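Structure record follows, encoded as structure tokens.
The values are calculated or read from the model by the stated rules, or taken from the named source; none is laboratory data. These numbers were taken from a predicted model, which means no experiment stands behind them. Here Cβ is always computed from backbone atoms with ideal geometry, including for glycine, and neighbour counts include all displayed protein chains. When the accessible area is computed, the model is the full protein with side chains, heavy atoms only, and any ligands, DNA or RNA have been set aside. Shrake-Rupley method; radii C 1.70, N 1.55, O 1.52, S 1.80 Å.
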Amino acid sequence: MNKNMNKNTAPRQRALVVGLGVSGIASALRLHKAGWDVVVLEKAAERRSGGYFIGLFGTGIAAAERLGIELPDRLSADIATYNVDRADRRRRAMNFTDAVPGRARLVVRGDIEDGAFHALPEDVEIRYSSVPVALRQDDDGVEVDVEDRAAATATTERFDLVVGADGLRSTVRRLAFGPDEGRIHRLGYMIAACSLPGPAPGYRLKEGIIMAEQGRSAWVFPFADRAPTVLFNYRTDDVDAEFTRPAIDSLRARFGPEPTGGTLGWLLDRFEQAPDHLFDSAEQVRLDRWHQDRVVLVGDAAWCLTLYSGMGASTGLAGADMLGTMLERYPGEVPRALRAWEAKLRPFIEYHQGTGMAMRRLFVPADPTEYRIRSVMNRVMATRPGREFLSKRRHRSESSRMKTIDIALA
């Protein structure tokens, strides 16, 4: 047998991806493109469907295109957003895409997950109701104990790489890095979201709503071709207490005791009646390292930017794409590839972690000063010159920041 035959019959490297969200599916897709055999574990019994508003920007759009993920664009030129008070008085406001840098594509989370899932080759193995319960590393690989919760069985398998893409409360992060204490940073805000059955009374399908008050807000995000979604935000001094009662009770308590008025009242009623909703605290993950030898964290498991950054899905896609690029660049040298991956990506992520904190002021002003600043911005953005000025500034600043990461991903 000659050397070429030996090379062609060498066993493919094997990767375990934990999590079947945006970052997990994208990681599985990119690793398969890089020539790896991929197994995906998902703790849920089935894949999620639906989802809420997501803005996909710049690098995220480019990464999706490279990964072969087909996405709709639910943005329309005639979408309009209005500031509304409890008396249902309205005035024109800036759209979400007016305030966030770069070219935008408006989607829901399910659009990205569906596009990525349908791009997965059939030989990517997906195991539902399955989680890792132990990791043991050596120089050549990772031994993983996998629990199948549906069958109540456990197996031990060996992989060349483990990717933790299992979200803010990552199991892989705890197994590889230890307890989460000091790594998850609460911002003191709660978020709640659901899909709406249609536009709020008195509004068209393509009209959005912002009701922003000191320490609380409600946003309705419109789309060109589907019903909108609503996002509630509010400040709290005791995050744990918010989870001790039904989500709707926490929302009604925080948005009272003042009368809600027609629009806010309708939104709260729709949240209470929604078959599915999100209710969680806004938190960031901050780690000194995103990898340990052959275990790597991607997306929210590594750097959770919070939805306030507008870049969560984009960085999840870009991080997965770059991971495959670095593994191709350093074949057979997984630890070296992971070091190079983190060195390239970290400045970009840390920048957006910082802007996420600043963007929170846009979603929910914490105090009278922030509220006044936000009001001034809205008055400026309500004018065409104001929107054009901000658009030019966004384009210049974002272009310089995107250049480095796009070169690395190419």
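Just a few scattered comments:
- The GluC sites (Glu not before Pro) of segment 86-192 that DSSP puts in a loop, and whose beta carbon has at most 14 other beta carbons within 10 Å, are E122, E181.
- Cα centre as origin, Lys/Arg/Asp/Glu Cβ charges: the chain dipole, Debye: 1760 debye
- Rounded to 5, the percent of DSSP beta bridges in the chain classed as antiparallel: 70 percent
- The relative contact order of the chain, computed from alpha carbon pairs under 8 Å that lie at least 6 residues apart in sequence, is 21 percent.
- Carbon and sulfur %, accessible surface of the chain computed with the full protein complex present, 1.4 Å: 50 percent
- Largest GNM mean-square fluctuation among S170, S195, S250, using the chain with Cα springs under 10 Å: S250.
- The angle separating the long axis of helix 58-67 from the principal Cα axis of greatest extent in the chain is about 40 degrees.
- Note: relative contact order over segment 69-212, using C-alpha pairs below 8 Å and six or more positions apart, is 27 percent.
- Principal axis dimensions, the chain - Cα atoms, whole angstrom, descending: 81, 47, 37
- Where segment 253-293 is the region considered: accessible area per residue in Å², 1.4 Å probe: 49 Å²
- Furthest towards positive pole of dipole, V84, L278, V39, structure part the chain, Cβ charges: V84
- Taking the C-alpha atoms only, the angle from helix 368-381 to the longest principal axis of the chain is near 90 degrees.
- Projecting the Cα atoms of P259, A337, G50 onto the dipole axis of the chain, where Lys and Arg carry +1 and Asp and Glu carry -1 at the beta carbon, places P259 farthest toward the positive end.
- Fluctuation leader among I79, I112, I61 - the chain, Gaussian network, Cα springs under 10 angstrom: I79
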